[in-house]
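K.L.:
Sharing a structure with you now.
Every number here is computed from the coordinates shown, using simple stated rules; none is lab data. Please read these numbers as outputs of a predicted model, since none were measured by experiment. Glycine also receives a Cβ, built like all others from the backbone with ideal geometry; neighbour counts cover every protein chain displayed.
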Amino acid sequence: MFHHIQRSSCRSSWLRGFSTASRVCKDPWPLPHTPQHIASTTTPEVQPIPPLPRHNESVETLRARLVYQSRKRGTLESDLLLSTFAKEFLSGMSEPELKEYDKLLDEQDWDLYYWATNKRNPPERWAESTLLERLRVHAKNEGKVIRKMPGL
């Protein structure tokens, strides 16, 4: 009954021992940040969906919305990184900087995280951004500050 089960080439080469003639198996779970992992998770550059137009939004309302959106991202890593960045820098940003940060928050969580931690290069639209550079400096945490989620 079980004699019809076919073994995969990877399993059968494992059972035969390690020989130079056996086929090389592809690891289904490569280690993070290895070339194999990056190749399997890299998606083609896609322009973000345009945000809802917010006509006549005051600077105070914009700032309050950005504080909230920085904290409620969907991944804990992005929540912590962006909420502490917002707490430290949003109060001193000008309106054009706030609008640029608003556009940055339209990007995907993991993309933001990898760009901020220098694990991946940002797309051309963010390559020269001073705001992203400030976020990268914040992510380095050279002062070894213990960070926690700020209150709303």
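K.L.:
Note the full-extension length gain between Asn118 and Gln69 as 0.36 nm times their separation in residues minus their Cα-Cα distance, in nm to one decimal.
P.N.:
Gain in length upon complete extension: 15.4 nm.
K.L.:
Something else about it: Tell me which lysines have Cα within less than 19 Å of Lys119's Cα, excluding those fewer than 8 residues away on the same chain?
P.N.:
Qualifying lysines at Cα under 19 Å: Lys140.
K.L.:
So, one more: Expected output is a single nm value to one decimal: the length gained when fully extending between Ala127 and Lys148, i.e. 0.36 nm times separation in residues minus the C-alpha distance. What is it?
P.N.:
4.7 nm
K.L.:
Taking region 59-152, which GluC sites (Glu not before Pro) meet the DSSP loop condition and have no more than 11 other C-beta atoms within 10 Å?
P.N.:
Passing sites in region 59-152 are Glu128, Glu142.
K.L.:
For region 59-140, take N as its residue count and report Rg(C-alpha) divided by 2.2 N^0.38 Å.
P.N.:
The reported ratio for this selection is 0.98.
K.L.:
So, one more: As a footprinting exposure proxy, order Met149, Met93 by other Cβ within 10 Å, with the fewest listed first.
P.N.:
Ranked by crowding around the Cβ, least crowded first: Met149, Met93.
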